[in-house]
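Only one structure is covered here, and it is reproduced in the block below.
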Amino acid sequence: MTVQSQAKAQLTAERCADPEAWDAFVARNDGSPFALWGWGDAVETYRHDRWYVVAKDGDRIVGGVPLFYVRSRLFGSKLVSPPFGERGSILLADGADDDVASFLLERTKELAETLDVDFVSLRGGDTDARRGFEERTRFVTFRAPVASADDAWERIKESRRRQITQAADSEMVHDVGDSLADLREYYRLYLRSVRGHGSPPHSFAFFRTLWETLGESGNLRMEMLRKDGVLVNAVINLALGSTVTQWGVVNDYEYRDLNGGSLLVWKSMEWAAESDYDAYEFGRTREGSGVYMFKKSFGGEKTWYSDLHYFPNPSAELPHPEKDAYEPIKDVWKKLPIPVTRLVGPHLRQSISL
């Protein structure tokens, strides 16, 4: 795809096929780990089509948007940036202005109409350009400064600090995953954890691809807590640029009284501080939920994810996982045996791009 912008004739757009050039652009401009090529490799395990579009001024990449074409009989067709992540849509090079963002939005609209999708969802972008896109803020996060571990500790709510200290004294063993055996152990707990929420799981192939790409490049770190040799808490953190982002949190509900979740968040923040990152981002949540209150207690700044949506089909609606109509389905899912959820779940999860 090569097109010319009427407003900026020197700009061209093309479908990027160079992983190294793409990742270098994302890293150079403090992009999201969800925009990295390795995240796209994991998404491609579900056979979704990758459309990583770059805007070029001559030979220089000045903007990009990592799009995936997701088709589903249940949820329709869509262009999503990024699938299964909360932030990583339009990214501009240092010094680029909103004219470049507008150019990429127009190219995205053209692609959406060519592919005849129901809607486009660009998540967590930072641009004032709109070009017919609607802005919606459905999810919120917290960003905790971690330039100083001591300062980060002082910002945590006192009652939460007590829980962290108690958890540290409970003889749980903290470790950092470094093998496929650790990843398989994580995945077994993940299957139980997401079933408890009534949600279908990702495939193991999705996680293994992340492990072999982002883990190999140093952008993925898995924190683990065990009690008497049993994994009770774990989290996958994604690191890039100035920020470490919390993503795959899993817990064993039977050990909740040990407050391992609080300790593991602190271990993640402490590592981010020691590794010279500026902020720890707590991932997507809904305002007012129990998870929201938990994350708030760590002293971060409340930040809304600004999502942009385009509807070529005016009658299309965004899927809403909290709809009341889904509650009976979730209740049934929570009662299914783990082998069934592991077999059937990824076929459903691949179409739920949230």
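Miscellaneous remarks
- Hits in region 92-107 - residues which are charged (D, E, K, R) and under 11 Å from ILE61 (Cα atoms): ASP94
- Filter result (over 14 Å from ARG226 (Cβ atoms), of a type in the set (Ser, Thr, Tyr) and surrounded by 13 or more Cβ atoms within 10 Å (Cβ to Cβ)) within region 165-191: THR165, TYR187, TYR190
- Selection status of ASP41, out of contact with any Leu (no Cβ under 7 Å at 6 or more places or on another chain), within 20 Å of LEU220 (Cα to Cα) and modelled with pLDDT under 95: no
- Flag for SER199 being among the small types (Gly, Ala, Ser), at pLDDT below 95 and within 28 Å of SER89 (Cα to Cα): yes
- First in region 135-162 and farther than 23 Å from ASP307 by Cα and open to solvent by less than 30 Å² (accessible area, probe 1.4 Å), second anywhere and assigned to a loop (DSSP other than H, G, I, E, B) and not charged (D, E, K, R), Cβ under 7 Å, 6 or more apart: VAL146/TYR277; ALA152/VAL146; ILE156/SER297; ILE156/PHE298; ILE156/GLY299
- Filtering region 192-217 to residues that are open to solvent by less than 50 Å² (accessible area, probe 1.4 Å), over 25 Å from PRO337 (Cα atoms) and of a type in the set (Ser, Thr, Tyr) leaves THR209, THR213.
- Positions within region 189-222 being assigned to a helix (DSSP H, G or I) and acidic (Asp, Glu), in sequence order: GLU212
- Single unsatisfied condition, ARG143 versus (1) part of a strand (DSSP E or B); (2) touching a Leu at 6+ places or on another chain (Cβ under 9 Å): (2)
- Given (1) of a type outside the set (Gly, Ala, Ser); (2) at negative phi; (3) over 22 Å from the mean Cα position of the chain (by Cα); (4) surrounded by 14 or more Cβ atoms within 10 Å (Cβ to Cβ), number of the condition ARG131 does not satisfy: (2)
- Hits in region 293-334 (condition: basic (Lys, Arg) and either modelled with pLDDT of 95 or more or within 29 Å of LEU67 (Cβ to Cβ) (or both)): LYS295, LYS296, LYS302, LYS323
The values are calculated or read from the model by the stated rules, or taken from the named source; none is laboratory data. These numbers were taken from a predicted model, which means no experiment stands behind them. Because the Cβ atoms are built from the backbone with ideal geometry, glycine has one as well, and the counts that use them run over all protein chains shown. Quick note on the areas: whole protein, heavy atoms, side chains included, nothing else; ligands and nucleic acids left out. Shrake-Rupley method; radii C 1.70, N 1.55, O 1.52, S 1.80 Å.
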